Amino acid sequence: MIEFKDVSKWYGSFQVLTNCTTRVDKGEVVVVCGPSGSGKSTLIKCVNGLEPFQKGDIVVNGESISANATNLNRLRSKIGMVFQSFELFPHMKVVDNINLGQVKVLGRGAEEAAAKSMGLLKRVGLEAHAAKFPGQLSGGQQQRVAIARALAMDPIAMLFDEPTSALDPEMINEVLDVMVELATEGMTMMVVTHEMGFARKVAHRVIFMDRGEIVEDAAKEDFFGKPRSERAQLFLSKILHH
Amino acid sequence: MFTGFDFDVIARSAPYLFREGMTFTLTLTAMAMTGGIFFGTLLAMMRLSSHAWLNVPAGTYVNLMRSVPLVLVIFWFYFLVPYIGAWMIGAKQPIQVGAFWSSVITFTMFEAAYYAEIMRAGIQSVPRGQVSAGYALGLTYGQTMAQIVLPQAFRNMLPVLLTQTIILFQDTSLVYVLSITDFLGAAAKIAQRDGRLVEMYLFVAVVYFVISFSLSLLVKQLQNRIAIIR
């Protein structure tokens with residue numbers, strides 16, 4: 001579904017990604033973790049071309065994202081993305097946030113889009129807030145709207161870039177619950193997160209990154225049971241026991 | 001103190017002043033504002049572009065306009081627009097644009113430079129993540145601008161845009177140099193005909209003050225009403 005082939009990226013002369021090669025198969029949930037500044041967010045943003053990279057290739061559903069023939073906008077519309085800081089559009093009502101892509105990108109009619117939006121809001125437990133503005137919702141509610149907005153495009157895969165890092169502790173679970181539900185339904189997901197509880201519960205594979213490199217890429221059981229690299233062991237000991 | 005003054009001249013000439021003069025002033029203000037914001041927004045988008053062939057001309061234009069006195073620009077355009085127009089369509093004779101359209105074009109192009117700087121700040125006030133969120137949905141650059149960035153930029157900058165419009169409203173009195181009958185021009189004509197310079201210029205000042213001041217009060221009100229809930 002998503003294949004990373006030797007992806008390397010530089011900011012000027014500073015290398016942020018070094019020969020990253022991995023894959024996310026259909027229906028798979030892959031958690032990407034690692035210390036801050038390790039390139040996890042950069043890697044996930046390369047998947048839909050929000051971050052350009054200089055070397056290597058990423059192939060999504062058979063389409064290379066760096067090929068000239070690829071319609072990047074169309075490809076992006078098929079990949080849902082959830083941001084750390086939600087990025088709802090503050091000047092639009094909640095329901096209009098979810099309608100926008102459906103109408104402008106997929107060309108759905110206003111009624112069809114609104115029906116879809118209301119269904120998704122119900123699913124994330126927020127149908128009562130449809131007519132409010134994002135600023136009137138809590139962080140957890142906003143992030144659930146953001147998930148609904150991404151799902152409205154009927155994506156073939158979902159990318160999560162630290163979806164709970166900007167949330168107050170008591171709101172983290174309401175967002176994770178929605179994500180767990182998505183995972184159990186078989187959605188293909190790539191999730192950058194520090195929530196190891198989430199990784200243990202639903203991840204199939206865990207990728208550990210450090211200094212722009214994929215240091216460890218293992219099945220969940222292996223990663224938590226016996227990480228091979230010293231760096232991963234150190235990281236796990238730091239975030240699991242404190 | 002005011003013995004020897006004849007304030008009746010105001011009442012006598014008011015219909016003419018407002019029907020002829022003020023109508024022109026307001027029409028010119030409205031047209032230059034609309035055109036200025038439209039072209040200003042385009043200039044701002046060009047200036048923020050990463051392509052040198054877009055941002056260099058836009059930057060040069062804005063800086064040039066902002067460093068030249070308006071009166072000069074008015075003169076230049078009044079004399080040059082007929083020739084530029086003729087050159088553009090390949091006519092042999094200068095095109096007769098007329099003082100009205102000449103002033104509309106001048107003010108639109110001059111104000112566009114100022115509105116451009118305001119819109120540039122407005123566009124930059126919208127967080128980068130908003131653009132990413134638009135792109136991630138599959139929106140094009142144009143759609144992201146039209147649906148997400150510009151609506152927020154306008155809202156953030158509305159008070160400043162209106163303040164600039166108040167300045168524009170006052171600046172339109174400079175068309176006086178083209179002997180156009182705007183509000184000031186109309187008053188000047190009456191003042192000279194009737195020999196009532198002090199009365200008329202006092203009245204003109206009061207009218208400009210009242211309109212500008214009420215507009216600035218309106219801006220303050222609006223500022224509180226339209227703020228985006230964050």
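From the P(r) of the stretch B:1-122, could you give the percentage of C-alpha pairs in the tail past 17 Å?
Values: 4971 of 7381 pairs.
Percentage above 17 Å: 67.
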Checklist entry - Under the Kirkwood approximation applied to all pairs of distinct alpha-carbon atoms, what is the hydrodynamic radius of chain B in Å? => result 20.0 Å
Item to check | Dimensions in Å of the stretch B:76-178 - Rg and Dmax from alpha carbons | outcome: 18.9, 54
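State, as an integer percentage, the relative contact order of the stretch A:34-135 based on alpha-carbon contacts under 8 Å between residues 6 or more apart.
Numbers: 70 pairs, mean separation 21.0, N = 102.
It comes to 21 percent, rounded to a whole number.
Which ordering of A:Trp10, B:Trp53 is given by a fewest-first count of other beta-carbon atoms within 10 Å? It would help to have the intermediate numbers written out before the result.
Values: A:Trp10 14, B:Trp53 9.
The fewest-first ordering by Cβ neighbours comes to B:Trp53, A:Trp10.
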Checklist entry - Roughly how crowded by other chains is peptide A:83-90, in terms of the mean Cβ count from those chains within 10 Å of each of its Cβ atoms? => result 6
Next on the checklist: Please report the spacing between the Cα centers of the stretch A:153-192 and the stretch B:121-148 in Å, no decimals.
Outcome noted: 23 Å
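Rank-order A:115-122, A:180-187 by packing density, defined as the average count of other C-beta atoms within 10 Å over each peptide's residues, highest first.
Details: A:115-122: 17.9, A:180-187: 14.8.
Those peptides, ordered most packed to least, come out A:115-122, A:180-187.
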Checklist entry - Can you give the relative contact order of the stretch B:90-179 as a percent, counting alpha carbon pairs under 8 Å and 6+ residues apart? => result 36 percent
Next on the checklist: Kirkwood hydrodynamic radius, the stretch A:1-117, all distinct C-alpha pairs: what's the number in Å?
Outcome noted: 16.1 Å
Checklist entry - In whole angstrom, how far apart do the alpha carbon centroids of the stretch A:22-98 and the stretch B:1-69 sit? => result 45 Å
Checklist outcome for this item: Taking every C-alpha to C-alpha distance in the stretch A:133-236 and binning by 5 Å from 0, the per-bin percentages run 2, 11, 21, 21, 17, 14, 8, 4, 1, 0
Checklist entry - Most exposed first by the Cβ proxy, i.e. fewest other Cβ within 10 Å, how do A:His129, A:His204 rank? => result A:His204, A:His129
Item to check | Relative pair counts by distance (%), Cα atoms of the stretch A:186-239, 5 Å bins | outcome: 4, 18, 33, 28, 12, 3, 1
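If each residue's Cβ is checked for other Cβ atoms within 10 Å, how do B:Met119, B:Met31 rank with the fewest at the top?
Values: B:Met119 26, B:Met31 17.
Listing B:Met119, B:Met31 from fewest to most nearby Cβ atoms yields B:Met31, B:Met119.
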Checklist entry - On average, how many beta carbons from a partner chain sit within 10 Å of the beta carbon of a residue in B:125-135? => result 5
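So which trypsin sites (Lys or Arg not before Pro) in the stretch A:43-89 end up in coil per DSSP with only 12 or fewer other C-beta atoms within 10 Å?
none
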Checklist entry - How big is the Rg/Rh ratio for the protein assembly as shown, C-alpha atoms only, Rh by Kirkwood, two decimals? => result 1.14
Checklist outcome for this item: Rg (one decimal) and Dmax (whole number) from the Cα set of the stretch B:1-62, in Å, equal 21.9, 66
Checklist outcome for this item: Per the charge dipole of the protein assembly as shown (beta-carbon charges, Lys/Arg positive, Asp/Glu negative, Cα centre), the residue among A:Met209, A:Ala69, B:Leu17 reaching farthest to the positive end is B:Leu17
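Calculate for the protein assembly as shown the 222 nm mean residue ellipticity that helices alone would give, adding -39,500 (n - 2.57) per DSSP H run of length 4 or more and normalising by residue count, nearest 500 deg cm²/dmol.
Details: 19 runs with 267 residues, N = 472.
Counting only the DSSP helices, I get -18500 deg cm²/dmol.
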Next on the checklist: Please compute one quarter of the surface area of the Cα convex hull for chain A and express it in square nanometres.
Outcome noted: 13.4 nm²
Item to check | Cα-based helix-to-principal-axis angle, B:197-226 vs chain B, degrees rounded to 10 | outcome: 30 degrees
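Arranged from highest to lowest average of other beta-carbon atoms within 10 Å per residue, in what order do the peptides A:31-37, B:79-85, A:18-24 appear?
Working: A:31-37: 20.3, B:79-85: 15.0, A:18-24: 17.6.
Descending packing order for the listed peptides: A:31-37, A:18-24, B:79-85.
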Checklist entry - Cα-Cα pairs above 14 Å in the stretch A:81-122: how many percent? => result 50 percent
Checklist entry - Just how large is the dipole of the stretch A:106-191 about the Cα centre, in debye to the nearest 20, putting +1 at every Lys and Arg Cβ and -1 at every Asp and Glu Cβ? => result 300 debye
Checklist entry - Stokes-Einstein at 10 °C, 1.306 mPa s, Kirkwood radius from Cα pairs: D for the stretch A:97-185 in µm² s⁻¹? => result 118 µm²/s
Checklist entry - FRET efficiency for B:Thr140 and B:Leu222, Cβ-Cβ distance as r, R0 = 22 Å, nearest 0.05? => result 0.10
Checklist entry - Based on the Cβ-Cβ distance of A:Ser229 and B:Leu42, what FRET efficiency does E = 1/(1 + (r/R0)^6) give at R0 = 45 Å, to the nearest 0.05? => result 0.25
Next on the checklist: Below 8 Å, C-alpha to C-alpha, sequence gap of six or more: please give me the relative contact order for the stretch A:84-150 in percent.
Outcome noted: 47 percent
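Send over the Kirkwood Rh of the stretch A:117-168, from the inverse of the averaged 1/r over different Cα pairs, rounded to one decimal Å. Intermediate values should be presented prior to the final figure.
Values: mean 1/r = 0.0863 Å⁻¹.
After inverting the mean inverse Cα-Cα distance, the result is 11.6 Å.
Read the figures in this text as sums done on the coordinates, not as results from a lab. Small disclaimer: the values here were computed from a predicted structure and weren't measured. For neighbour counting, all protein chains shown are included, and Cβ atoms are generated from backbone atoms with ideal geometry for every residue, glycine included.
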